[in-house]
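Asker: One structure, as structure tokens, below. Some questions next.
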Amino acid sequence: MLDRLVSDKPQARRKLLAHYLTKIARLGGYLARANDPPPGNTVMWRGLSRLTDIMLGAMVGAEIVGN
């Protein structure tokens, strides 16, 4: 789900933990520019809560539409 929500940069081919942490941070508003510091706790929290909301919505939608 996370790979579908946040697009990869062309040079990012390796699927490491740092890669997915950056994707979660981008959901929380992190811009991931070249000179930006690493994402903080608030941005990570926003991204993780948004991802959780999206996953819950997808699960509920699959139950309702899947019948």
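Throughout, read-outs are computed from the coordinates displayed, never taken from laboratory work. This is a predicted model, so every value here is computed, not measured. Here the Cβ is made from the backbone with ideal geometry for all residues, glycine too, and neighbour counts use every protein chain on show.
Asker: Principal axes first, then extents: for the Cα atoms of the chain, list largest minus smallest coordinate on each axis, whole Å, largest first.
Answerer: Each principal axis gives a Cα extent; for the chain these are 48, 27, 16 Å.
Asker: In whole Hz and in residue order, list the ³J(HN,Hα) couplings for region 41-54 that follow from phi through the Karplus curve 6.51 cos²θ - 1.76 cosθ + 1.60, θ = phi - 60°; x for Gly and Pro.
Answerer: 5, 5, 5, 5, 5, 4, x, 5, 5, 5, 5, 5, 4, 5
Asker: Per q in 0.32 Å⁻¹, report the Debye log10 I(q)/I(0) for region 23-62, using one uniform scatterer on each alpha carbon and no solvent.
Answerer: Listed by q, the Debye log ratios stand at -0.97.
Asker: If you don't mind, there's one more thing I want to ask. Quickly work out the Ala62-to-Ser49 label distance, labels modelled 7 Å from Cα along the C-beta direction, and quote it in nm with one decimal.
Answerer: In this crude spin-label approximation the distance works out to 2.5 nm.
Asker: Additional query: So what is the relative contact order for the chain, in percent, with contacts set as C-alpha pairs under 8 Å and at least six apart?
Answerer: It rounds to 30 percent for the chain.
Asker: Picking from Met1, Met44, His19, whose Cα lies most toward the positive end of the charge dipole for the chain (charges on Cβ: Lys, Arg +1; Asp, Glu -1)?
Answerer: His19
Asker: So, with +1 on the Cβ of K and R and -1 on the Cβ of D and E, and no other charges, what is the size of the charge dipole of region 22-67 about its Cα centre, to the nearest 20 debye?
Answerer: 200
Asker: May I ask you to evaluate 6.51 cos²θ - 1.76 cosθ + 1.60, the Karplus curve with θ = phi - 60°, for each residue of region 29-36 and list the ³J(HN,Hα) values in order in whole Hz, giving x for glycine and proline?
Answerer: With the stated coefficients, region 29-36 comes to x, 6, 8, 6, 7, 4, 9, 6 Hz.
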